[in-house]
Amino acid sequence: MPLSDFVLSLQDNPYFGAGAGLFGVGFVAAFLKKSTQYGMILFHRQCMMSLEVASKDKSYYWLLNWLSTRGMRTQHLSVETTYSQTEAGKIDTQYDFIPSPGNHFFRYKNTWIRVERNREKQMIDLHRGAPWESVTLTAIGRNRNVYVEILEEARQMALQQQEGKTIMYTAMGSEWRPFGYPRKKRPITSVILDTGVSEKILNDIKEFSGNSKWYMDRGIPYRRGYLLYGPPGCGKSSYINALAGVLDYSICVLNLSDRGLTDDRFNYLLTTAPEQSIVLLEDIDAAFESREINDNGVASAEARIIFMTTNYVDRLDPALIRPGRVDLKQKIDYANEDILQRMFSRFYPEQPQSRAEEFSRTVMSHNRPLICRYQTLFCLYKTTITLARELVCLVLGFVAAFLKKSTQYGMILFHRQCMMSLEVASKDKSNYWLLNWLSTRGMRTQHLSVETTYSQTEAGKIDTQYDFISSPGNHFFIYKNTWIRVERNREKQMIDFHRAAPWESVTLTAIGRNRNVYVEILEEARQMALQQQEGKTIMYTAMGSEWRPFGYPRKITTNNNCYSRYWCVREDFK
């Protein structure tokens with residue numbers, strides 16, 4: 001029976017129409033679906049390969065960088081902003097575009113590879129403070145070498161970017177993370193130590209690095225510890241940086257003062273330090289004051305080079321620097337004549353040796369020189385001509401500052417011991433007498449202030465009079481062969497409420513110690529004021545807490561029954 005006839009016969013079949021047929025069709029469809037799924041799973045397991053790289057793994061960043069620059073092209077990107085430091089110290093900003101979370105495809109050596117970047121929104125990487133991430137590579141085939149080649153290319157690419165630079169690591173949690181920018185390798189000849197010191201340490205490290213089998217065959221722990229001690233600023237840390245550069249090592253800086261640094265974490269960090277690295281423990285005298293010394297710690301690290309520095313070796317516990325933990329101790333001391341001469345010749349190679357010897361003798365005759373101090377000096381004055389000119393300017397500046405200070409202190413001492421001064425405030429009665437006397441008798445000046453006054457004649461007419469007095473500032477006059485300086489001050493932010501005017505004062509200053517000069521001046525000023533008021537009655541009224549002249553001076557009418565006197569008027573008293 002043809003298939004078409006069979007299908008037509010099913011339409012007339014009552015059992016098929018009741019649902020059995022539909023059930024059979026659904027069963028066949030489900031079977032085909034499951035078969036496809038299991039077939040895809042089987043194909044994925046047997047014919048495909050995948051590689052997951054978690055964000056905590058070191059190759060994670062290498063792989064992302066490789067994918068962004070060499071491995072693939074995609075329009076769905078994430079940005080990683082990085083900084084790089086040039087040889088001149090300038091910081092350049094660089095934007096690296098990496099695949100965004102999701103699925104991407106690329107072709108590598110005739111093999112199509114799917115890249116799946118996952119980001120767990122509810123899972124945090126505590127060391128990075130960011131969501132947990134992973135990158136999964138999936139390809140058809142069973143040749144794992146494809147992934148090995150990709151990872152190796154990514155590693156080599158990362159090494160090329162860091163070539164000629166020293167990588168600094170710091171402990172973050174329980175792992176080492178790059179710290180700061182990769183630093184350009186410093187030539188070891190740029191750190192000038194005493195003769196033979198640098199060569200001694202460098203040769204010891206090279207001998208240790210090339211004899212691992214010798215240590216293993218004899219059951220000796222394969223580690224090397226170094227202690228550099230001496231005054232601060234003599235080049236201990238600088239030498240370690242230069243040493244790492246010449247050995248092509250990175251530096252792992254471990255802060256022993258970290259309160260969260262337990263013994264277990266300490267040992268773990270020493271064990272998991274990056275390969276070809278120097279573990280640096282700085283200022284261990286301060287760090288180990290409160291840390292218990294036991295058989296673990298430094299001694300537990302294998303295949304490691306550990307450098308410790310201290311400024312005070314006598315403060316260290318002998319158990320910390322015993323043989324087996326510290327294999328070589330070296331003092332980095334103050335600069336001597338040989339070091340100073342080599343430093344001078346390095347910065348000024350065009351100068352003869354005699355100048356270097358003269359420089360070292362001059363420095364050694366004054367103090368115990370720190371290397372960092374004179375290196376800073378050479379960096380400031382990059383040529384000897386500039387150095388000589390700046391040193392002369394420095395000396396002249398010092399002399400000028402000394403003379404200025406000496407002059408200031410000399411003037412203060414002279415003023416206190418050989419001069420006398422008298423201040424007359426505006427609230428004092430003598431202030432007006434003195435200003436009047438200075439304007440008419442005591443001095444002549446072109447810088448004046450005006451005081452407008454009124455007087456009443458016998459006929460009752462009011463006359464206006466302009467009295468010119470010295471303005472605020474400094475003025476000079478001679479009184480009985482004595483030069484006197486007049487300093488009239490006006491306080492702009494201080495008000496004399498009785499006068500409703502700024503607070504003023506007049507200060508007289510003269511050479512000598514005879515106070516009678518001021519007494520004579522004040523007495524003359526008072527007599528002059530009395531002469532101007534002679535034959536007149538002065539009326540006073542209360543203003544605030546003092547008496548002030550009221551109205552115009554009145555002519556005195558005299559007879560046998562009247563006396564000349566001052567009157568103090570009270571309004572409610574007649």
Quiz prompt | From phi via Karplus (6.51, -1.76, 1.60), per-residue ³J(HN,Hα) for segment 169-181 in Hz, x at Gly/Pro | solution = 10, 9, 7, 10, x, 10, 9, 9, 10, x, 10, x, 8
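Probe of 1.4 angstrom, ligands and nucleic acids ignored: what's the accessible area per residue over segment 100-201, in square angstrom? The partial results should precede the final answer.
Numbers: 6210 Å² over 102 residues.
Heavy-atom SASA per residue in segment 100-201 reads 61 Å².
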Practice problem: Can you check how the C-alpha radius of gyration of segment 235-285 compares to 2.2 N^0.38 Å, as a plain ratio? | Solution: 1.22
Practice problem: Pop a pseudo-label 7 angstrom from the Cα along the beta-carbon direction at both residue 346 and residue 533 and give the gap in nm to one decimal. | Solution: 8.6 nm
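Per 0.36 nm of contour for each residue apart, how much would the distance between residue 204 and residue 275 grow if the chain were fully extended, relative to their Cα-Cα spacing?
Working: separation 71, 0.36 × 71 = 25.56 nm, distance 1.88 nm.
Gain in length upon complete extension: 23.7 nm.
Between residue 246 and residue 100, what length in nm is gained on full extension when 0.36 nm per residue of separation is reduced by their alpha carbon distance? All intermediate terms of the calculation are to be shown ahead of the outcome.
Working: separation 146, 0.36 × 146 = 52.56 nm, distance 3.89 nm.
So the chain would gain 48.7 nm between residue 246 and residue 100.
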Quiz prompt | Alpha-carbon radius of gyration plus Dmax, which is the widest Cα pair, for segment 123-192 in Å | solution = 17.6, 59
Quiz item: If the viscosity is 0.890 mPa s and the temperature 25 °C, what Stokes-Einstein diffusion coefficient in µm²/s follows for segment 198-257 when Rh is the Kirkwood radius over Cα pairs?
Solution: 182 µm²/s
Quiz item: Within the set 165/206; 56/185; 429/536; 58/185; 56/165; 213/236, which residue pairs have Cα atoms separated by over 26 Å?
Solution: 56/185; 213/236
Self-check item: For residue 303, residues with placed amide H under 5 Å, excluding near neighbours
Solution: 222, 223
Self-check item: Accessible area (Å², 1.4 Å probe, nearest 10) - residue 238
Solution: 40 Å²
Self-check item: Karplus-derived HN-Hα couplings along segment 348-364 (A = 6.51, B = -1.76, C = 1.60, θ = phi - 60°), whole Hz, x at Gly and Pro
Solution: 10, x, 7, 8, x, 5, 5, 5, 4, 5, 5, 4, 5, 5, 5, 5, 5
Quiz item: Stretched out fully, how many nm does the piece from residue 268 to residue 401 gain, at 0.36 nm a residue minus the Cα gap?
Solution: 42.1 nm
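Enumerate by residue number the GluC sites (Glu not before Pro) in segment 163-222 meeting two conditions: DSSP loop (anything except H, G, I, E, B), and at most 16 other Cβ atoms within 10 Å of the site's Cβ.
Values: sites: 163, 175, 199, 207; in loops: 163.
Answer by residue number: 163.
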Quiz item: P(r) for segment 105-245: what percent of alpha-carbon pairs falls in each 10 Å bin, starting at zero?
Solution: 8, 21, 27, 23, 16, 5, 0
Practice problem: Apply the Karplus parameterisation 6.51 cos²θ - 1.76 cosθ + 1.60, with θ equal to phi minus 60°, to every residue of segment 101-110 and state each ³J(HN,Hα) to the nearest whole Hz, in sequence, with x for glycine and proline. | Solution: x, x, 9, 9, 10, 8, 10, 10, 6, 6
Quiz item: FRET efficiency for residue 161 and residue 28, Cβ-Cβ distance as r, R0 = 45 Å, nearest 0.05?
Solution: 0.15
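The values are calculated or read from the model by the stated rules, or taken from the named source; none is laboratory data. Here the structure is a predicted model, which means the values were calculated and not measured. Backbone-built Cβ (ideal geometry, glycine too); neighbour counts: all protein chains shown. What goes into the accessible areas is simple: the full protein's heavy atoms, side chains included, and nothing from ligands, DNA or RNA. Shrake-Rupley method; radii C 1.70, N 1.55, O 1.52, S 1.80 Å.
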